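Here, each number is a calculation from the coordinates, and none is a lab measurement. In this text the structure is predicted, and so the values were computed from the model without any measurement. FYI the Cβ positions are ideal-geometry reconstructions off the backbone, even for glycines, and counts take in every protein chain you see.
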Amino acid sequence: MKALATWCVRHRLIVVLLWLAALVGATFLSASIGTAYSNSFSLPNTESTQALSLLESAAPSVAGDREQIAFHTTGGALVTDPSVEASINTMLAKVKQVPHVSVIASPYGPGGSTQVSGNGTTGFATVTFNRQSQNISTTLAKQFVATAQTAQGANLQVAVAGQVAESADKQSFGGSGLGIILVGIVLLLVFGSVFAMALPLVSALASLGTAIGVIGLLSHLLKMPQFSTELILLIGLGVGVDYALFIVTRHRQGLIAGTDVESSIVTAVNTSGRAVLFAGIIVCIALLGMFALGVSFLYGLAIAAAIGVSFTMIAALTLLPAFLSFIGPRVLSRKQKKGLAANGPRVIGASTKGFWPRWADFIRERPVLPALVALIVVVLIALPFFSLRLGSSDQGNDPTGTTTRQAYDLLATGFGPGFNGPLLLVTENTGQGNTQALDQLAAAVKRQPNVAKVVTPVSLPEKNGKTVSLITVYPQSSPQAAAITDLIDHLRQQTIPAAVANSGVQVYVGGNTAIFVDFARVLTSKLPLFIGLVVVLSFLLLAMVFRSIIIPLTAAVMNLLSIGAAFGVLVAVFQWGWLGSVLQVNRPGPIEAFLPVMMFAILFGLSMDYEVFLISRIQEEWLSTGDNRTAVRNGLAATGKTITAAALIMILVFGSFILGGVRVIKEFGLGLAGGILIDAVLIRMAIVPALMFLFGKNNWWFPGWLDRILPHVSVDPELPEKSGGPENPSGPAAPAEPEPVPV
């Protein structure tokens, strides 16, 4: 790290030019070649996937995405009026010409009367594509929606529901621009210098711009979701600014202590830069841990996020030192320059003046009280977590001005909310009596609670000598309701087996609603493996870095607690509806199925960031003094302001995404902002230091057999030279008293 920092300082122009070339090159290539983002994913060994595969093999023309064009008349007109019928039929004829539209079920065709509401003012047409929504471009989706809306007139409202229509909506992913402005204001207040404020932002934005270009190119090789770019901005902006903030802060402390510019930069990278490196590695480990889930949809997302974090980390260790060497002492505020000139050098952290030194003294004298109060608050916030329900929010949560939300409301009012998420029963006949068995099945399903309508079975072309049929079931409940999951389970486990027993008919429950239910089940079943893998790997890494058992164990437990509190906030707001009107949450509903995986990976990694920055400074003091109380006190006093400022930056960046109109992005923004607030303020600044005071020198106990097994890696640049560190009384950094537990 010392050699790297020295080279970057002495070859600063080359470093800046290399980063500029990387940014311009990646952006230019990505713009020239284009991107190939895809939201496709597969769920092997699930019934909904089997239903889809059977449809695709037997009748590709009806196996694609299904959209519903809803229309509503006003001013006394009815859907069945000749003028309205003519307008809608003309529109449907145009829709039939849209590429990849294969089948249209019109309310004016045979059996279409059931597609008109009882009062005659609302109707819908079902449009089936010959491919899934993720394989339909945004341009084509917009063409489809625009064509459907050509029928709209003075007394006729037209809206479109479905996955294709949703991709055509102009959706806002948040106020990232506002977030950057707020971050700049916070940095200016913290540093008091325009140069010090600008450097973290420039470093983060340069690395993120490069990362986005690289990921755009990789999208041709890997399946990456379309919101990968937004996610990288969400994570990378906060992480990148934080990493740069810690290095700049340490550099300023070196200048205030009287060190020359080059030596101060090198020391900052050789100390805080090591913490940045290890923190970034932990974040990447947490993100790449999603490979353990075995869901291909998350692979590209994990790689994209890890690349974004890696680039911001590398920029903080290379580009930032180059910038710092260019501006020299101007990184200090005017007040700091005057104080340095008037009073001479001073060491940050040993002072008794200021809030954080006083707070550190307070915790040192009364560690139980702040730890207990903070723990009670965190537990209370986390309690709603035990009511967590995973699923997929329906389009009734979309912004009110979107066509999908308008169509949802029209269908829910005219027919019931269940018409927004039909279930597809795909049957495969291997014996005789197919028609009779299907009729019995349709009748049995129709009698079930929470079923509003069952469409007459439709026979599809034979496949391998087997007859394939399709039965459409409209539930009474909305697609996101818990009752839908119960209905699907009841159909699969009881109704269908009883109805088709001994008939040779195999039935699979599919459709988008069933796919999302299965998706939630798959992720939930593999979540313990994912969490265990990430926790164990991070525990081992922290154990290698700090040569301690208690420190990584405490970090793991505290991280899980802060993540539980973050989900408690999400459940209270999005599932229970608390403060829903304030945060513009339209309707209470389930938490998105993949959110726990993504949020756990991100929050666990970011929580470890603060842990590494705090403990690395405490360890530095411990190696210098050998006194645990002094080390914890001085480490907290020196890093408290920086960690809380970094947390505030994260909160502003993540919080700005709450301003977006998309529910899942709101969930990400609120969950991450709430988790960071709880973790940085209550856990890292109160519970962790209090526990370290209570544990005393046991914090640094490390079994000899484990010390021999694990590699020696350190955040502190001096540790490898100290014959084993503080456990060895003969080393230069030995504490004044022997360890209470023999090693």
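Of the beta bridges DSSP finds with both residues in the chain, what % are antiparallel, to the nearest 5?
Working: 39 of 41 bridges.
Rounded to the nearest five, the antiparallel share is 95 percent.
Put a dot 7 Å past the Cα of H220, heading toward its Cβ, do the same for T74, and the two dots end up 4.9 nm apart.
Of the Cα atoms belonging to the stretch 443-493, the radius of gyration and Dmax stand at 13.1, 38 Å.
If R0 equals 30 Å, the separation of the Cβ atoms of T90 and A482 corresponds to a calculated FRET efficiency of about 0.15.
From the P(r) of the stretch 412-516, can you give the percent of Cα pairs sitting at distances over 24 Å? Can you show the working numbers first?
Values: 1087 of 5460 pairs.
It works out to 20 percent of all Cα pairs.
So if the hydrodynamic radius of the stretch 610-702 is defined as the Kirkwood radius over C-alpha pairs, what does Stokes-Einstein give as its diffusion coefficient at 37 °C and 0.692 mPa s, in µm² per second? It comes out at roughly 229 µm²/s. The modelled label-to-label distance for the pair A198/L537, using points 7 Å beyond Cα in the direction of Cβ, is 3.9 nm. For chymotrypsin sites (Phe, Trp or Tyr not before Pro), no site in the stretch 180-284 is both called loop by DSSP and has at most 15 other Cβ atoms within 10 Å.
Can you tell me how the stretch 291-333 classifies by the Cα gyration tensor, rounded, prolate or oblate, using a/c under 1.5 as the rounded cut? Note, shape of the stretch 291-333 comes out prolate. Placing a pseudo-label 7 Å from each Cα along the Cα-to-Cβ vector at R629 and S137 gives an inter-label distance of 7.1 nm. The amide H of D398, built 1.01 Å from its N in the peptide plane, has no neighbour under 5 Å, considering only residues 5 or more places off or on other chains. Rounded to the nearest 10 degrees, the inclination of helix 368-382 to the longest alpha-carbon principal axis of the chain is 10 degrees.
For the chain, the equivalent ellipsoid built from the Cα gyration tensor has semi-axes of 57, 28, 23 Å, listed from largest to smallest. Annotation: Cα Rg of the stretch 328-425 relative to the compact-globule expectation 2.2 N^0.38 Å equals 2.30. Computed per residue of the chain from DSSP H runs no shorter than four, each worth -39500 (n - 2.57), the mean residue ellipticity at 222 nm is -19000 deg cm²/dmol. Can you give the angle from 0 to 90° between the axis of helix 138-148 and the longest principal axis of the chain, with both taken from C-alpha atoms, to the nearest 10? It works out to around 40 degrees.
Taking the inverse of the average 1/r across all pairs of different Cα atoms in the stretch 66-161, what Kirkwood radius in Å do you get?
Working: mean 1/r = 0.0742 Å⁻¹.
13.5 Å is the Kirkwood radius here.
Relative to the longest principal axis of the Cα atoms of the chain, the long axis of helix 512-546 makes an angle of roughly 10 degrees. Over the Cα atoms of the stretch 43-105, the radius of gyration divided by the Kirkwood radius equals 1.16; this is the Rg/Rh ratio. Fully extending the segment from I376 to L527, taken as 0.36 nm per residue of separation minus the present Cα-Cα distance, adds 51.7 nm. In µm²/s, what is D for the stretch 455-550 at 37 °C and 0.692 mPa s, where D = kT/(6 pi eta Rh) by Stokes-Einstein and Rh is the Kirkwood radius from Cα pairs? It comes out at roughly 188 µm²/s. With the cut-off at 26 Å, tell me which of the pairs K142/K466; K446/K526; K142/K666 have Cα atoms farther apart than that. Long pairs (Cα-Cα over 26 Å): K142/K466; K446/K526.
Projecting the Cα atoms of S478, I551, T80 onto the dipole axis of the chain, where Lys and Arg carry +1 and Asp and Glu carry -1 at the beta carbon, places I551 farthest toward the positive end. Exposed loop sites here mean trypsin sites (Lys or Arg not before Pro) with a DSSP loop assignment and at most 14 other beta-carbon atoms within 10 Å; the chain contains its longest site-free run at 448-743. 3J(HN,Hα) couplings calculated from phi for the stretch 480-486 with the Karplus curve 6.51 cos²θ - 1.76 cosθ + 1.60 (θ = phi - 60°) are, in sequence order, 8, 5, 4, 5, 5, 4, 5 Hz; Gly and Pro show x.
Straightening the chain between S83 and R330 buys 81.5 nm, computed as 0.36 nm per residue apart minus the Cα-Cα spacing. The length gained by stretching the chain between A501 and A154 to full extension, at 0.36 nm per residue less their Cα-Cα distance, is 119.6 nm.
Take the alpha carbon gyration tensor of the stretch 133-275, find the square roots of its eigenvalues, order them as a ≥ b ≥ c, and report rounded if a/c is under 1.5; if not, report prolate when a/b exceeds b/c, else oblate.
Here the stretch 133-275 falls in the prolate category.
Centroid-to-centroid, using Cα positions, the stretch 526-578 and the stretch 47-95 are 46 Å apart. Would you list, by chain and number, the lysines whose Cα falls below 21 Å from the Cα of K335, excluding same-chain residues fewer than 8 positions away? Excluding near neighbours in sequence, the set is K353, K641.
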